[in-house]
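Each remark here refers to the structure printed beneath this line.
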C-alpha cells in the first residue's frame, strides 16, 4: 500500500504544478482578451470560473475513463485573438465561442476531418498565431519606456528565470505583476465568481469572422501540440474523443463568458512526461490532480478578475507579453520554416498584427484570407513525377 501511495506522489505533484503553471502563465491573457471583447469584470470572472470548472471536470472524467493523462486548458491563443478581432459586442464573441466549439465537435465526429486539420499550411497557422500574439509581446517594450522602474526589473527576473527555470519564468512574472499591482493600489476590487449569462448576439457575419479563426488558432496552437505531447510520451490519444469532448464543453460554458477549451499543450508536457513519474501506467493520476486543482482555482476567479479589472493593468499586460515570447518565437519559426511559403506567412502575420477592422470584421479573419490568396498565387503544386524510362 505504501508503494502505491508513493507512486502517486509524483503524478499528483506534476498535475498540481502543471496546472498552476498554466493558470498563472496565461490568466492575464485570458482576462485581457475577454475584456477587450467587451466583457465586464464580473463577466470575465464568470468566464474564468466556468473555464476552471469545465477544465477540471473534463480532466478528471477523461483521465479516469481512459487511464491516460488527458489534461485540458483554455485556449490562450484564442484569448489573445480577441484583442485583435474587435468583435462588435461581447454577445458576438460568445456566439463565436459557441461556433468554435461546434466546429471542434464536428471535426472530431466526422472521420477524416481531424486528419485534414493536420494539413493546414504552417505558413497560415503560424502566421496567424504570431500576428495574434504580437500586440501582447510588444506590451513590455512599450511599457518599459513609460514606467522603466517597474517593468525593467520584471524583464530582468524573466530573463534570469528563462535561463535557470524556463517553465517558471512566465508564471512567476505574472504573479509578481499581480502582487505589485495590488500593492500599488491600482487593482480593482475582488468579485464573487457568480455565473453571468450572456446570450449570443444575432450577428452571423461577426460570429463567423471570429469563430472560424478562433477554431483554427486553437486547433493549430494548442489541440495539435497537445495531441503531439501525448503521442511523444507513448500514449495513443483518442483524438476524435478529445475534440468532441472539449468542443461540446466549450459550447456549453460559452454563454458564461468562457473561451474555447482544448488539450493542454506546453504544460501538458509536465503532466504527461517523465515529470509525472517513471511508471507510465500511473500518470493518469496527474490528469485527475490537474482537474482537482482547476476546481480549487475556480474559487479564485473573482479575486483574479477583480485585480485585473475592466482594463488590464499596464504591469500585468507587460508580464503577459513576456510570458508569451516563447509561444511567439515558436509560431514565427513554424511560419517561416519552408522558404517557398515565407511570403504568404509574412502577409498573414502582417495583416493579423496590423489590428485593422474592415466592415466590422477584425484583422485575424482578413489575415487568413490574405495569406491564403498569397499561398495559392505564389506557390506551385509539386510536379508530377516523370515516367521512368524502360
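Laboratory data are not the source of any read-out in this text; all were calculated from the coordinates shown. The shown structure was predicted, so the numbers you read here are calculated from the model rather than taken from an experiment. Glycine gets a Cβ as well: all are built from the backbone with ideal geometry, and neighbour counts include every protein chain shown.
Tabulated data
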{"item": "Protection proxy ranking of 128-141, 243-256 - average other beta-carbon atoms within 10 Å, highest first", "result": "128-141, 243-256"}
{"item": "Nitroxide proxy distance, nm - points 7 Å out along Cα→Cβ at residue 199 and residue 164", "result": "5.6"}
{"item": "Computed FRET value (nearest 0.05) for residue 296 with residue 141, which takes r as the C-beta separation and R₀ as 25 Å", "result": "0.10"}
{"item": "Value at 222 nm in deg cm²/dmol, rounded to 500, when DSSP H runs of n ≥ 4 in the chain each add -39,500 (n - 2.57)", "result": "-23000 deg cm²/dmol"}
{"item": "Separation of the residue 67 and residue 337 label points, Cα + 7 Å toward Cβ, nm", "result": "3.4"}
{"item": "Ranked by how many other beta carbons lie within 10 Å on average, peptides 157-168, 316-327 from highest", "result": "316-327, 157-168"}
{"item": "Simple label model, 7 Å out from Cα along Cβ direction - residue 119 to residue 369, nm", "result": "2.4"}
{"item": "Label of the coordinate-derived value, Cα extents along the principal axes in Å, listed as [x] 94, 55, 47; [y] 69, 44, 39; [z] 73, 56, 45", "result": "[z]"}
